[in-house]
Structures are given as C-alpha cells and as structure tokens.
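One structure below.
The values are calculated or read from the model by the stated rules, or taken from the named source; none is laboratory data. Since the model is a prediction, treat every value here as computed from it, not as a measurement. Cβ placement follows ideal geometry from the backbone for every residue including glycine, while neighbour counts extend to all protein chains displayed.
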Amino acid sequence: MDQWAGVVLAAGDGVRMRSRLAKVLHRVCGKELIRYPVDLMNQLGIGKVVVVVSPGNNEAVRGLLGDSVEYVIQPDVKGTGDALGRAEGLLKGRAHNVMVLTADAPLVRPESVKPLMAAHVDSSRNMTFLTCRSGSAKDFGRVVRDENGQVVEIIEAADNTDTDNEIAEVNGSVYCFRDRWLWESVESIGAAPNGEKYITSLVRIGSSGNSTVQAISTEDPDELMGVNDRLQLAHVEAVLRQRIRERWMLSGVTMPDPSTVYIDAEATIGQDTVILPNTSIIGRSVIGEDCEIGPNSVIRDSKLGRGCRATASVLEESTMEDGANIGPFSHLRPGAYLESGVHLGNFVEVKESRFAAGAMMGHFGYVGDASIGAGTNLGAGMVTCNYDGKDKHRTDIGENAFIGCDTMLVAPVTLGAGAITGAGAVVTKDVPAGRLAVGVPAKIRGRNPETN
C-alpha cells in the first residue's frame with residue numbers, strides 16, 4: 001500500500017467567474033488552475049491522484065490532464081464533502097494517507113505542504129490541515145479552538161455571521177487524512193441548510209470523537225488564496241508573477257524594471273540574461289544564457305539559444321540558435337527557425353522558414369515557406385510570394401546568394417548557391433547557381449562575378 005494518495009476537488013460550478021469556460025480551466029501565469037494542485041502532488045511524490053470533476057467540465061479536464069490522473073464525477077453540486085466521498089471507490093485501502101486539495105488555489109507551495117505532511121505522519125491524529133492568520137474571513141472558513149487551543153470546528157464563510165475585520169485563523173483547504181478514518185467519517189457528514197455537505201464538517205466529527213484534529217499554520221496569507229471570480233483571478237496572478245520574477249532574479253537573471261515583465265510559470269531563463277521592460281515570456285518558452293530580450297518583446301512558446309537578442313519583436317513557436325538576433329519591430333511566426341548568427345533587422349516577418357547560419361535580412365520584408373542558405377543576404381523589401389490564392393508553395397535559396405531590394409520571388413522557385421537578383425526583379429522561374437536574374441519577369445542576364 002502506498003504512503004500517500006491525493007484527491008483534487010474540481011467539480012465546482014464557478015458561477016461567480018461568469019464564464020463559459022469552466023473555472024478550473026482558467027489560466028494563471030499561462031497555466032490552467034487545475035494543473036497547479038496536480039503538479040504540486042507530483043512534486044510531493046504522490047503518485048496516485050484522483051480528480052473529482054463535474055459533468056460540465058469532465059471532458060475538458062480529461063482532455064487537459066489525460067491519463068496522468070484518475071477521474072470520478074460528482075453528478076450534482078452537493079458540496080466538497082460529497083465530492084470527496086466520490087473518490088472512495090478508487091482510493092479506499094490504496095494508501096495510508098490521503099491529501100486533499102482544491103483546484104482553485106494555485107499559490108500553495110511545497111515548502112508549506114511538506115511540513116504539513118510530516119506533522120501528519122508523525123502524529124497520531126487522523127486529520128491535519130493548513131491554516132493562516134487573516135484580517136478577512138470573507139472567502140475562508142473560520143477556525144474555532146477550545147480553551148485548550150484544540151481545533152474543534154470550522155465555520156464556513158457562508159455561515160459566518162461575524163462581520164468585523166479582526167485577524168482570525170482561517171482554513172486554507174489543504175487537508176491530510178488517515179485513509180481508514182477518512183472513508184469511515186466522510187459517510188457521517190450531514191447536510192447543511194443549503195443541502196450541501198462540507199468537507200470541513202470532518203473537523204467537528206474528528207474533534208468530538210476519540211480522534212483529534214491538528215492545524216498547522218503558514219505565515220503567508222496569500223498562499224491559501226482561492227479563485228472565485230475574475231478579481232481574485234487577477235490578484236492570484238499578480239502574487240504568482242511576483243514570485244516567478246523573484247525566483248529568476250535570484251537565479252541570475254537581470255530585470256531593470258521587474259514590475260513590467262511578465263513571465264509564465266513554465267518558462268525558463270538562463271543565467272546572465274537581461275529581460276528589459278514591457279516584455280512577456282509566455283508559455284513554455286526557453287531562453288538561454290547571456291541573452292537580451294526586449295524592451296517591448298513577446299516570446300511565446302519559443303526557444304532561444306545562448307547570446308540571442310530580440311528587441312521590440314514578437315516570437316511565436318519559433319527557434320533562434322546561439323548568437324541570432326532580431327529586431328526591432330520584427331515577427332517570427334510559428335515554424336520560423338534561425339540558425340546561429342542569423343541577423344534579422346527592422347520590420348521582417350518570417351513564417352515556416354529556416355535561415356541557415358549567418359544569413360541576414362536587414363530591413364523590411366516577408367519570408368514564408370522558405371529555406372535560406374548560409375551566408376545569404378536578403379535585400380530590403382524582398383518578399384516570397386508563397387500563396388497563389390489556393391495553396392502555399394516553397395522558395396529555396398542556396399548559400400551565399402544575394403537577393404536585391406524589392407525582389408519578388410514567386411513560389412515555387414529555387415535560386416542556386418551564389419545566385420543574385422537585381423533590384424525590383426520578379427522571379428518566376430528557377431535561377432541557376434551563380435547566375436544573375438534581372439527584370440520583370442526576371443531573365444537570366446549573366447553570372448554573379450563573385451562565383452566565377
């Protein structure tokens with residue numbers, strides 16, 4: 001039998017989000033809410049995880065998480081206690097202890113949960129949960145202790161009639177249970193006046209019996225903050241973004257104005273890289289060491305090697321090898337690949353194309369569905385005419401070619417190594433290696449003298 005199993009409660013309606021998208025699929029720092037507790041359990045070594053879903057979000061959550069977890073459906077919204085009970089059939093007797101997390105609290109950290117787990121295992125208690133001191137219990141259950149300091153009850157936020165703002169101990173909805181006691185006790189949870197069964201009722205059940213309940217406090221109230229509406233979603237995002245920035249700065253990344261930098265949870269950044277103001281690093285982007293990104297750049301799901309520069313430019317699902325640079329005001333669309341030392345200057349757009357090492361395009365132009373040879377220079381205003389109104393076609397340019405300003409390359413077309421085009425040429429047929437093409441439409445007029 002495993003030491004730990006986990007349950008993630010993700011069946012709530014999320015009515016206050018006022019969204020057609022299920023609440024647990026809203027993103028914080030580029031990552032869906034539901035993935036935070038699942039990933040946290042994986043970090044903690046909890047291999048068997050059950051996610052409780054609703055009929056409304058079942059298909060979407062399964063599509064996101066796949067086979068990494070097991071699923072059980074809560075048919076009707078009858079509270080967290082009822083949702084937890086749905087996992088009994090998959091977990092009872094499968095582990096000594098069960099951790100329960102909600103799917104709308106992405107700020108919970110391993111540093112706080114590990115001591116909670118250790119305290120639970122080391123004690124003889126059947127329930128251990130995380131609390132904090134807060135000046136507002138608006139969205140938290142309030143913890144009640146007796147004269148001896150023993151936890152005896154949690155008053156749900158909906159039932160709390162105390163309207164003052166005094167600092168109180170509140171429930172963080174991070175729970176550890178002994179397996180056998182949990183499944184015996186969850187059946188004893190009674191319905192509240194609204195018909196729901198609360199998981200917090202297990203505190204009263206445990207405290208009134210022979211077993212006891214313990215609460216472990218965290219010093220950071222933000223850590224236990226949940227998401228019920230868009231305002232809280234924004235607040236949680238702000239807290240997590242600040243954590244992310246601090247983590248990277250402490251790891252050797254420079255941010256002269258960190259408050260203007262947005263970095264998603266799954267992005268990675270190398271040491272001695274500088275992230276300049278108004279820059280967003282989105283998705284699973286990977287940025288190498290000694291890079292300079294920004295100002296005013298957006299890097300989305302892209303990979304940059306060592307010593308790259310992206311100035312006031314947008315990169316989407318693209319790759320830049322070591323020493324490549326781009327910008328300002330250029331755009332790498334999905335499938336763009338710049339090998340080492342490639343230079344793209346102002347107002348260049350690239351899509352589904354590969355620039356070999358040392359190729360360059362200094363000003364203005366569009367390269368789509370093309371391969372550009374090593375050392376080739378593309379002049380200002382050059383365009384690959386890759387779309388005929390129905391299909392896309394490829395352009396292939398050999399190494400050390402020189403494409404004159406305002407050249408139109410009407411695909412499909414191939415230009416050999418060392419080929420050269422005159423300014424304003426409209427190339428509709430292949431240009432052999434080392435030959436010169438000029439005119440509209442372009443005709444072969446001679447040889448590139450540098451290839452003789």
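One table, with the values for the structure above:
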| quantity | calculated |
| --- | --- |
| Residue check, ILE189 part of a loop (DSSP other than H, G, I, E, B) and touching a Ser or Thr at 6+ places or on another chain (Cβ under 7 Å) | yes |
| Whichever residue in the stretch 192-216 is part of a loop (DSSP other than H, G, I, E, B) and of a type in the set (A, V, I, L, M) and, among such residues, is surrounded by the fewest Cβ atoms within 10 Å (Cβ to Cβ) | ALA192 |
| Residue in the stretch 264-294 that is farthest from PRO328 (Cα to Cα), counting only those that are surrounded by 17 or more Cβ atoms within 10 Å (Cβ to Cβ) and among the hydroxyl-bearing types (Ser, Thr, Tyr) | SER285 |
| Matching entry among ALA442, ALA374, ALA417 (being modelled with pLDDT under 95, more than 21 Å from PHE347 (Cβ to Cβ) and hydrophobic (A, V, I, L, M, F, W, C)) | ALA442 |
| Answer residue from the stretch 268-286, given it is in a strand (DSSP E or B) and among the hydrophobic types (A, V, I, L, M, F, W, C) and is farthest from GLU316 (Cα to Cα) among those | VAL274 |
| Unique residue being closer than 30 Å to THR131 by Cβ, surrounded by 15 or more Cβ atoms within 10 Å (Cβ to Cβ) and modelled with pLDDT of 95 or more when the list is VAL261, VAL236 | VAL236 |
| Qualifying residue in the stretch 86-100 (condition: among the acidic types (Asp, Glu) and either in a loop (DSSP other than H, G, I, E, B) or free of Cβ contacts under 8 Å to residues at least 24 places away in the same chain (or both)) | no |
| Index of the failed condition, SER112 passing every other in (1) at pLDDT 95 or above; (2) part of a helix (DSSP H, G or I) | (1) |
| Residue pairs meeting the criteria (Cβ under 8 Å; at least 6 apart or on separate chains; first assigned by TED's automatic domain parsing to the domain that holds ASP322, in the stretch 279-307; second surrounded by fewer than 24 Cβ atoms within 10 Å (Cβ to Cβ) and of a type in the set (Phe, Trp, Tyr)) | THR279/TYR262; SER280/TYR262; ILE281/TYR262; ILE282/TYR262 |
| Residue count, the stretch 1-33 (criterion: of a type outside the set (Asp, Glu) and under 24 Å from MET127 (Cβ atoms)) | 11 |
| Out of THR451, THR407, sole residue that is of a type in the set (Ser, Thr, Tyr), closer than 20 Å to SER330 by Cβ and either modelled with pLDDT of 95 or more or surrounded by fewer than 17 Cβ atoms within 10 Å (Cβ to Cβ) (or both) | THR407 |
| Positions within the stretch 25-71 being small (Gly, Ala, Ser), part of a helix (DSSP H, G or I) and buried (at least 16 other Cβ atoms within 10 Å of the Cβ), in sequence order | ALA60 |
